[in-house]
1. Can you tell me which residues in the stretch 244-262 are small (Gly, Ala, Ser), away from the ligand (no atom under 12 Å from the Cβ) and outside any loop (DSSP other than H, G, I, E, B)?
2. Can you pull out the residues in the stretch 212-232 that are in contact with a Lys or Arg (Cβ under 9 Å, 6 or more places away or on another chain), surrounded by 15 or more Cβ atoms within 10 Å (Cβ to Cβ) and not aliphatic (A, V, I, L, M)?
3. Taking interchain pairs and intrachain pairs at least six residues apart, which have beta carbon atoms under 8 angstrom, with the first residue in the stretch 24-42 and under 29 Å from residue 217 (Cα atoms) and the second away from the ligand (no atom under 16 Å from the Cβ) and among the hydroxyl-bearing types (Ser, Thr, Tyr)?
4. Limited to the stretch 354-407, what total is found for residues that are charged (D, E, K, R), surrounded by 15 or more Cβ atoms within 10 Å (Cβ to Cβ) and either within 14 Å of the ligand (Cβ to nearest atom) or in a loop (DSSP other than H, G, I, E, B) (or both)?
5. Residues in the stretch 276-329 that are outside any helix (DSSP H, G or I) and under 28 Å from residue 60 (Cβ atoms): how many?
6. Residue check: is residue 38 farther than 20 Å from residue 109 by Cα, surrounded by 11 or more Cβ atoms within 10 Å (Cβ to Cβ), within 16 Å of the ligand (Cβ to nearest atom) and of a type outside the set (S, T, N, Q)?
7. From 45, 60, 25, 9, grab the single residue that is among the polar types (S, T, N, Q) and in a loop (DSSP other than H, G, I, E, B).
8. Which pairs do you get when a residue that is within 17 Å of residue 120 (Cβ to Cβ), found in the stretch 255-270, comes within reach of a residue that is not in a loop (DSSP other than H, G, I, E, B), reach meaning Cβ atoms under 6 angstrom, with the pair 6+ apart or on two chains?
Amino acid sequence: MIHLNENFTKLKASYLFSDIAKRVTAFTQANPDKPVIRLGIGDVTEPLPPVCVAAMHAATEEMAHRATFRGYGPEQGYAFLREAIAQNDYEARQCPIEADEIFVSDGAKCDCGNIQEIFSLDTRLAIPDPVYPVYIDTNVMAGRTGPSVDGRYQGVTYLDSTPANGYVPAIPSVATDLIYLCFPNNPTGAVATKAQLAEWVAYAKKNQAIILYDSAYEAYIRDPQIPHSIYEIPGARDVAIEFRSFSKTAGFTGTRCAYTVVPKSLQAFDTAGKGHSVHALWNRRHTTKFNGVAYPIQKAAAAIFTPEGKKQVKDMTDFYLGNAALIRAAVAKLGFSCVGGDNAPYIWVNTGRDSWEFFDMLLTKAQVVCTPGAGFGKCGEGHVRISAFNSRANVETALARIAAALK
Ligand code: MLT
């Protein structure tokens, strides 16, 4: 008899964004005359930067000719892309990261979800609350947690992000082994200073722990004091893995390209206390389970590092930040406090009301989709997340409808 992995039965029946999509579909089917505006899932709406499109066309043309056709590429990514990333995202910020420490992939979601495979099942987890559900759910699937009791998986050290700490969690008082951090944060949009990240690096060093640093939204940072990478902190390359994505940076949610940085100096330990290279383990896993991102997509990704590409990416992220500024102003006018939206494409609104009820109210009265804070964890209750990813016209209409609904 085939037995299932019972860890899966500890999970909520469906993934947060699938749950929301079901509710929205039910509403639109029942109300076909009421067009819905989606400020829920963080999915981009603006077309790809023209430099990316041109590079993709040219690379596709290469695939059409015997002399320039390519089959399997290197699983870790083509050198042209890894080198461009190393130079522009790391060397330019004085971060000591080499091209062969970069693993190109089809998404930060997949990498954040898969990375836990290389660590032991008794790894002690530190996970923020609220949190991007992938970090916690993938550890539940693997069996690294107990059951969920009162909305929290047993055995996990939760890092509470609340109004009291400005949504930047404090260092835990207990030792943990694997720490998930995300800045600019999804879902709150909060950012961490260099001093705050330095404390995390010191904590990880002290506990021989590893930080998994998700900086998928770094292209939205405008405050020059805020670090874009954990490797801006001295010593971080000995304790941190970083995840980045072209999705929110350059509109690649449908095109799929991301990367993960695993420094060669990073170690994890066997039961005898002997250190092993995490880079070698991840390389082994990546080359076994992944066959690389398509050549035209990698060419398109590399194009963002050209001078025109940099300008086009800045224009695109500025555009979404313009939406975010409108959302922040409208939220303040309605009398709610919020964070995010200034260095991030998400605005985290403290409504003080049940978050699923608020979600339903916005959907039915304003036909606007947001994300209920409780979907991201217990500390998300009383909040909703509004995404800045949409056209200007849709954001303006949505804000007018929300104001009318809350009158
Ligand atoms: C979100 O809305 O939180 C993001 O779109 C999720 C993701 O990038 O997978």
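The values are calculated or read from the model by the stated rules, or taken from the named source; none is laboratory data. All figures in this text were calculated on a predicted structure; none of them were measured in a lab. Note: ideal-geometry Cβ built from the backbone for every residue, glycine included; neighbour counts use all protein chains shown.
1. Across the stretch 244-262, the qualifying residue is only 250.
2. Those that are in contact with a Lys or Arg (Cβ under 9 Å, 6 or more places away or on another chain), surrounded by 15 or more Cβ atoms within 10 Å (Cβ to Cβ) and not aliphatic (A, V, I, L, M): 214, 215, 217, 218, 220, 227, 228, 229, 231, 232.
3. Once the first residue is under 29 Å from residue 217 (Cα atoms) and sits in the stretch 24-42, its partners that are away from the ligand (no atom under 16 Å from the Cβ) and among the hydroxyl-bearing types (Ser, Thr, Tyr) give 36/28; 37/397.
4. Adding up the residues that qualify gives 3.
5. 6
6. On the way: farther than 20 Å from residue 109 by Cα: yes; surrounded by 11 or more Cβ atoms within 10 Å (Cβ to Cβ): yes; within 16 Å of the ligand (Cβ to nearest atom): yes; of a type outside the set (S, T, N, Q): yes.
Spelling it out, residue 38 is indeed farther than 20 Å from residue 109 by Cα, surrounded by 11 or more Cβ atoms within 10 Å (Cβ to Cβ), within 16 Å of the ligand (Cβ to nearest atom) and of a type outside the set (S, T, N, Q).
7. Numbers: 60 fails: in a loop (DSSP other than H, G, I, E, B); 25 fails: in a loop (DSSP other than H, G, I, E, B); 9 fails: in a loop (DSSP other than H, G, I, E, B).
When all the criteria are applied, what remains is 45.
8. 266/278; 267/275; 268/276; 268/278; 269/275
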